[in-house]
Amino acid sequence: MVQVCFDFDAIDRREYHRQYRETNKARIAARKAEWYDKNREHVIERQRNYYASHRDEQIVVRRRWKAANPDKTKAVNLVRLAIDAGGIEKQPCCQCGHIRAEAHHDDYTKPLDVRWLCRRRHRRHHASLAS
């Protein structure tokens, strides 16, 4: 049996991988997106199974989020009600034109002032705000 010897310890390895992830963000993101596209049905099935088996926990999490974010909850509910009443019409994504788009609030104090983004671009937008 051949043994592989590393010249650096675990800390150096972690630093190497951190630097690799930092310098190759676009490449890693592209590979993740490619993997997700190939495995979309599998991922969705796993998510459904998880939520089905952790339903009570998810209810608690949602209630806690709503209590911590009353302005966001109110804005989302007002948009939903306006769509149901016909006051707002769902639009395609403003960036790519995808038909299934979500309402994005740039300012929660203006609950009916929304931009329509597809799920992918909506998640990316929020991820960019967090970083």
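Each value in this text was obtained by applying a stated rule to the coordinates, not by laboratory testing. Not measured: the values here are computed from a predicted model. Methodologically, a virtual Cβ is constructed for each residue, glycine included, from the backbone with ideal geometry; neighbour enumeration extends over all protein chains shown.
Annotations
- Share of pairwise Cα separations in region 70-131, more than 15 Å, in percent: 52 percent
- This model, with +1 at the C-beta of Lys and Arg and -1 at the C-beta of Asp and Glu, gives the chain a dipole about its Cα centre of some 260 debye.
- For region 14-36 and region 51-115, distance of Cα centres in Å: 30 Å
- Estimated distance in nm for a label pair at ARG21 and ARG63, the labels positioned 7 Å out from Cα along Cα-to-Cβ: 3.5 nm
- Dipole-positive endmost among TYR20, ALA82, TYR36 within the chain (Cβ charges, Cα centre): ALA82
- Only one of (i) 38, 20, 17; (ii) 41, 17, 12; (iii) 24, 16, 14 was calculated from the structure for semi-axes √(5λ) of the Cα gyration tensor in Å, and its label is (i).
- Phi-based couplings in Hz for region 57-63 (Karplus 6.51, -1.76, 1.60; Gly and Pro marked x): 5, 5, 4, 4, 4, 4, 4
- Likely footprinting exposure, THR73, THR109, fewest C-beta neighbours within 10 Å first: THR109, THR73
- Exposure proxy ranking, count of Cβ atoms within 10 Å, fewest first, for LEU117, LEU78, LEU129: LEU129, LEU78, LEU117
- Note on the chain: Lys pairs 8 or more places apart or on different chains, Cα atoms under 25 Å apart, count 9.
- Potential lengthening of the chain between TYR51 and LYS90 amounts to 11.3 nm, from the contour at 0.36 nm per residue minus the alpha-carbon distance.
- Theoretical FRET efficiency, 1/(1+(r/R0)^6), r = Cβ-Cβ of THR73 and ARG120, R0 30 Å, to 0.05: 0.80
- Values of log10 I(q)/I(0) for region 9-53 across q = 0.19, 0.22 Å⁻¹ run -0.72, -0.75, by the Debye formula with one identical scatterer at each alpha carbon and no solvent.
- Karplus-derived HN-Hα couplings along region 21-36 (A = 6.51, B = -1.76, C = 1.60, θ = phi - 60°), whole Hz, x at Gly and Pro: 4, 5, 7, 10, 4, 5, 5, 5, 5, 5, 5, 5, 5, 5, 4, 4
- Loop sites by DSSP among the chymotrypsin sites (Phe, Trp or Tyr not before Pro) of the chain, restricted to those with at most 14 other Cβ atoms within 10 angstrom, leave 9-131 as the longest stretch without any of them.
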